[in-house]
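See below for the structure under consideration.
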There are 2 protein chains.
Amino acid sequence: MAATVHCEQDPALHQERLRALRDATELVSGKWKFGILLNLYNYGAMRFKDLQAASAGITPKVLSKELQDLEDNQLITRTVNATKPVTVSYALTPHALEIQPVINALVEFGLKHRVKIKEQLALAA
Amino acid sequence: MAATVHCEQDPALHQERLRALRDATELVSGKWKFGILLNLYNYGAMRFKDLQAASAGITPKVLSKELQDLEDNQLITRTVNATKPVTVSYALTPHALEIQPVINALVEFGLKHRVKIKEQLALAA
DNA sequence: CTGGATCCTAACTGATACTG
DNA sequence: CAGTATCAGTTAGGATCCAG
């Protein structure tokens, strides 16, 4: 019977929340975007190559596309520096701070889930 | 100059958080999972067809796969009811509560982002 | 009602090489 | 250094039909 865990909202509100959820997930879809953002949170402005190193395994082409997506959604800025060999810096916009709670929540969940998986492996052994 | 918005962590901790982030995003990857979870939060236990209606646009095959993924990750339970035409109920597990903050954060962000986009359209007009 | 089987396509991802 | 071009592989997601 297990009392079902839920909290019913006003239908209209629920629909609005559903739409918001779709918008948000669309925005940060893709395999790398959250990681890129987390790295920028941690290190501040980073250059292309540094981001590539930090996002272990990503290829330049894919990184380039992900960065463009993020820039299009105004979560990061792209700045070309007039240095000897041209360098480019990527940094978070203020708007990107809005998404930080999401990332923190994801990290927390990831940590807990990892523990849970370990417990199961322990039980299975 | 713009003071870069960041907060540097201990490297080892950062790596651990990056891994957790990857784990978590992998878990809820896909176009529909968050929506399914949000609906279950809102309505409690739901049957296959109700979930399909709530996740407007999803096909049975895809819904089936998403539900299996969620069940494999122990975020939902699948219960077969011995009713006349067999029905099946899906409900959240306690573990799924851990992911609720993520969804709330995503919804919040989605709402804010929507407002932001509207502002831009207003400026463009 | 539930959801598997099949087929299909667009999008994502990757390896490698190359340019400004 | 910061990418883009090309080629190729994989796969997520959808359309349709059908079975228990």
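The values are calculated or read from the model by the stated rules, or taken from the named source; none is laboratory data. This is a predicted model, so every value here is computed, not measured. Using ideal geometry, Cβ is built from the backbone for each residue, glycine included, and neighbour counts are taken over all protein chains shown.
Worth pointing out:
- Given (1) surrounded by 13 or more Cβ atoms within 10 Å (Cβ to Cβ); (2) more than 8 Å from DNA strand D (Cβ to nearest atom); (3) free of Cβ contacts under 8 Å to residues at least 24 places away in the same chain, index of the condition A:Ala56 fails: (1)
- Condition broken by B:Ser29, with the remaining ones in (1) part of a helix (DSSP H, G or I); (2) under 30 Å from B:Val80 (Cβ atoms) satisfied: (1)
- Which listed residue is more than 7 Å from chain A (Cβ to nearest Cβ) and within 14 Å of A:Leu38 (Cβ to Cβ), from B:Leu13, B:Leu51, B:Leu21, B:Leu37: B:Leu13
- Single match in B:Val28, B:Val88, B:Val62 (criterion: within 11 Å of DNA strand D (Cβ to nearest atom), in contact with a strand residue (DSSP E or B) (Cβ under 9 Å, 6 or more places away or on another chain) and in contact (Cβ under 8 Å) with a residue 12 or more places away in the chain): B:Val88
- Just one of the listed residues (B:Ala125, B:Ala96, B:Ala91) is more than 25 Å from B:Thr25 (Cα to Cα) and among the small types (Gly, Ala, Ser), and it is B:Ala125.
- Single unsatisfied condition, A:Asp10 versus (1) within 30 Å of B:Tyr43 (Cβ to Cβ); (2) away from DNA strand D (no atom under 15 Å from the Cβ); (3) in contact with a helix residue (DSSP H, G or I) (Cβ under 9 Å, 6 or more places away or on another chain): (3)
- Within the range B:75-98, the set of residues being at pLDDT below 95 and at the interface with chain A (Cβ under 8 Å from one of its Cβ atoms) comprises B:Pro94, B:His95, B:Ala96, B:Leu97, B:Glu98.
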